[in-house]
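For reference, the structure is listed below as structure tokens.
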Amino acid sequence: MHKLAKLDRQFVWHPFTQMRDWLKHEPIVIISGKGAVLRDVHRCEYLDANASIWTNLHGHQNPKINLAIQRQLKKIAHSSALGLTNEPASLLAAKLVEAAHLNPGRDGILPSQKLGTAARRPSLNKVFFSDDGSTALEVALKLAYEFSRRTGRANPKFLSLEGAYHGDTVGAVALGHMDLFHKSYSGLLFKTDKVMSPYCYRCPFNRARPERADAREYRKCNWKCIDVVEKKFTAQKRKGNSYSVFIFEPLIQGAVGMIPQPGGWLKRATQIARSHGALLIADEVMTGFGRCGLPTLFASHHEGVHPDFLCLAKGLTGGYLPMAATLTTQKVFDAFLGEYREFKTFFHGHSYTANQLGASAALASLEILQSGKSIRVRQNLEKILGDELQMLWSLPNVGDIRQVGLIAGIELVRDWRTREPFDLRKRAGICVCEAMARRGVLTRPVGNVIVLMPPYCITTAQVRKMIHAVFDSIREVFGRARV
């Protein structure tokens, strides 16, 4: 066993990992990477099929981002944002506000020369920097809670989706509804409510029999999931305390199993929330920065939804450094203005807020994202990924294949005809991903769902390698039977 693997096993506690299982094998120790490829201490190469846990947008050792960080290092790496400001963070805040207000052209293109076009409503013109996705949501919920109280809601109520995951800080956990992760912390949490998620493949209202296609395409349900949302808001209103805040991941929920929303659901659900006076928090930690496809950088805008809080992290710096941002409106900002003696300040912060290295990396990443070349590459990659995924339908243990932009989830089942799920204790998803690693492709499942979310620099040949690794690994784990 390599000496670094021994040190890891002796000292490191890994996130979301049963360490007893971890200690049974020599771990893969990554020492370098370039483009979509990672290399370990034994000089083995692996395709990074989940963009280093959904963060890396442009590939490892991207020359433009490397150069931006190197230039900033010659100036300063970090200085406090408490009582001071700095150059790259100020520029980044302005660029994020511009990006959040962009209107795509008729062809769906967002070239950099279109920066500065007319803003959409509500105007997200204030940026609060933090460290990661959890803290971005923590900022949003604290701001929303206090804003609601200051504008007449004595006891603000929060509503999020069933199976929601919004991070692991205590406030973000309270917004989530994943018992597997968070049940043991229930005594620490404030109460929030949940409403059903539009999980077409397993929706109780979907009368369609299983087909070899994305369940959103053949569903038969008459939008009863939207009726449930309406009833939830109406019932809470009758109690005399309407929901103050509605939190959602736009277009697709991540950690619960890559659950995509059928077209139009997001717009309808948020219209209901707005009609009941609720603020909107869009968790775009995973879905932001082009992950959900063209024509916009942010998933919310695909259905014309303009939230009061936009939470960003993961891909913000191109996957280089931990950094997050919460965008909000002038109206929210103004509620915290006052004389010093009034103590209306937003009492929340982080030591590395608005750090210069992270902001410099993010500025370079945004420049790449808004270039014509990057847009064309992503447009082509989305089609290639969709085409290659089709081969997986021939496998009887593939129940549903869900693609939103450059995100794909493959749900494993005992038999596609019955949709019977695997018991999570059987580690079906983990076993398939372990088999993929032996074929030189790295990803991590969410339960029984294999996640594919490659860097945008991945080549056509690498996409094919990735999908063939999924295909061969599923056949290895479950047998070679075909439909």
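Read-outs: derived from the displayed coordinates by stated rules, not from any lab. Keep in mind the model is a prediction, meaning the values are calculated, not measured. Note that we place each Cβ from the backbone using ideal geometry, even for glycine, and neighbour counts take in every protein chain shown.
In straight-distance terms, cross-link reach from Lys373 covers every one of the aspartates and glutamates whose alpha-carbon lies under 15 Å from its own, apart from those fewer than eight places away in the same chain; here that gives Asp107, Glu382.
Distances between placed amide hydrogens fall under 5 Å for Gln253 paired with Ile259, Gln261, all partners being 5 or more residues away or on another chain.
Segment 44-60 and segment 400-466 have Cα centres spaced 15 Å apart. Each of the peptides 205-212, 375-382, 445-452, 432-439 was scored by the mean count of other Cβ atoms within 10 Å over its residues; in descending order, highest first, they stand as 445-452, 432-439, 375-382, 205-212. About its Cα centre, the dipole of the chain is roughly 660 debye, where the only charges are +1 on Lys and Arg Cβ and -1 on Asp and Glu Cβ.
Computed about its Cα centre, the charge dipole of segment 347-435 is approximately 40 debye, with only Lys, Arg, Asp and Glu carrying charge at their Cβ.
Between the amide H of Asp40 and those of Ile31, distances stay under 5 Å, these residues lying 5 or more places away or on another chain, with hydrogens modeled in the peptide plane. Per-residue 3J(HN,Hα) values for segment 166-178, derived from phi via the Karplus relation 6.51 cos²θ - 1.76 cosθ + 1.60 with θ = phi - 60°, read 10, x, 10, 6, 4, x, 5, 4, 4, 6, x, 9, 10 Hz in sequence order (x marks Gly and Pro). How would segment 75-370 be classified by its alpha-carbon gyration tensor: rounded, prolate or oblate, with rounded meaning a/c under 1.5 and the a/b versus b/c comparison settling the rest? The shape class here is oblate.
Rounded to the nearest Hz, the phi-derived 3J(HN,Hα) couplings of segment 347-362 under the Karplus curve 6.51 cos²θ - 1.76 cosθ + 1.60 (θ = phi - 60°) are 7, 7, x, 9, 4, 9, 3, 6, 5, 5, 5, x, 5, 5, 4, 5, where x marks glycine and proline. Between the amide H of Ala164 and those of His177, distances stay under 5 Å, these residues lying 5 or more places away or on another chain, with hydrogens modeled in the peptide plane. Note on segment 168-184 and segment 185-251: Cα centroid distance 18 Å, given to the nearest whole angstrom. Peptides 401-408, 385-392, 76-83, 308-315, ordered by how many other C-beta atoms sit within 10 Å of their residues on average, highest first, read 308-315, 401-408, 385-392, 76-83. Sequentially through segment 431-445, phi angles give Karplus couplings (6.51, -1.76, 1.60; θ = phi - 60°) of 4, 5, 5, 5, 5, 5, 4, 5, 9, x, 10, 10, 7, 9, x Hz, Gly and Pro residues having no value and appearing as x.
Listed by chain and number, the aspartates and glutamates placed with their C-alpha closer than 20 angstrom to that of Lys194 are Glu138, Glu162, Asp168, Asp179, Asp227, Glu230, Glu249, Asp283, Glu284, Asp308; residues fewer than eight positions away on the same chain are left out. Would you list, by chain and number, the lysines whose Cα falls below 18 Å from the Cα of Lys34, excluding same-chain residues fewer than 8 positions away? Excluding near neighbours in sequence, the set is Lys64, Lys465.
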